[in-house]
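Asker: This is the structure I have questions about; it appears just below.
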Amino acid sequence: MSEDSIQKRIGRHPKFKEMVGKRTRFAILLSLLVLVPYYAFMMVTAFRPEWLARTLGEGSVLTWGWPLGVVLVVGPWLLTGVYVQRANSEFDALNEQVLREVRQ
């Protein structure tokens, strides 16, 4: 069986289309979960920096900007872990099913 034929069969396979759709929707969702807070933080930094300069509590020297900044750095790492876990379980399983069925 030629490579071209296998690629066409994979492209037409319904489970492959399902996998691509699920993966795309999931990637868009995770991208929004990273980008929207990041740009909101940048807008607040640009237009209302005094909000981030407020202290966490009376007598505290820590401002709101620090924990929010930490969340913006650590959050994407955690979301990457979520994506890797789902890719290694659900998406890889669908991929194996497609390859197994196409090779038959």
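Asker: Only one of (1) on the phi > 0 side of the Ramachandran plot; (2) touching a helix residue (DSSP H, G or I) at 6+ places or on another chain (Cβ under 8 Å) is not met by Val71, so which one is it?
Answerer: (1)
Asker: Condition check: hydroxyl-bearing (Ser, Thr, Tyr) and free of Cβ contacts under 8 Å to residues at least 40 places away in the same chain. Does Tyr38 satisfy that?
Answerer: Numbers: hydroxyl-bearing (Ser, Thr, Tyr): yes; free of Cβ contacts under 8 Å to residues at least 40 places away in the same chain: yes.
The answer is yes for Tyr38.
Asker: Here's a follow-up. Are there any pairs with C-beta distances below 8 angstrom linking a residue in the stretch 20-31 that is small (Gly, Ala, Ser) to a residue that is surrounded by 10 or more Cβ atoms within 10 Å (Cβ to Cβ), with the two at least 6 apart or on different chains, and if so which?
Answerer: These pairs meet every condition: Ala27/Tyr83.
Asker: Restricting attention to the stretch 87-101, report how many residues are of a type in the set (Asp, Glu) and in contact with a His (Cβ under 8 Å, 6 or more places away or on another chain).
Answerer: So the answer is 1.
Asker: Only one of (1) in contact (Cβ under 8 Å) with a residue 60 or more places away in the chain; (2) under 21 Å from Val36 (Cβ atoms); (3) of a type in the set (A, V, I, L, M, F, W, C) is not met by Val102, so which one is it?
Answerer: (2)
Asker: Also: Collect the residues in the stretch 1-52 that are in contact with a Phe, Trp or Tyr (Cβ under 8 Å, 6 or more places away or on another chain), open to solvent by less than 90 Å² (accessible area, probe 1.4 Å) and over 27 Å from Val84 (Cβ atoms), keeping them in residue-number order.
Answerer: Scanning the stretch 1-52 gives Val44, Leu52.
Asker: Also, quick follow-up: Out of the residues in the stretch 59-96 that are under 24 Å from Ser5 (Cβ atoms) and open to solvent by 60 Å² or more (accessible area, probe 1.4 Å), state the one that is nearest to the chain's Cα centre (by Cα).
Answerer: Asp92
The values are calculated or read from the model by the stated rules, or taken from the named source; none is laboratory data. Keep in mind it's a predicted model, so treat the numbers as computed, not measured. Here Cβ is always computed from backbone atoms with ideal geometry, including for glycine, and neighbour counts include all displayed protein chains. Surface accessibility is based on the protein's heavy atoms, side chains included, excluding ligands, DNA and RNA. Shrake-Rupley method; radii C 1.70, N 1.55, O 1.52, S 1.80 Å.
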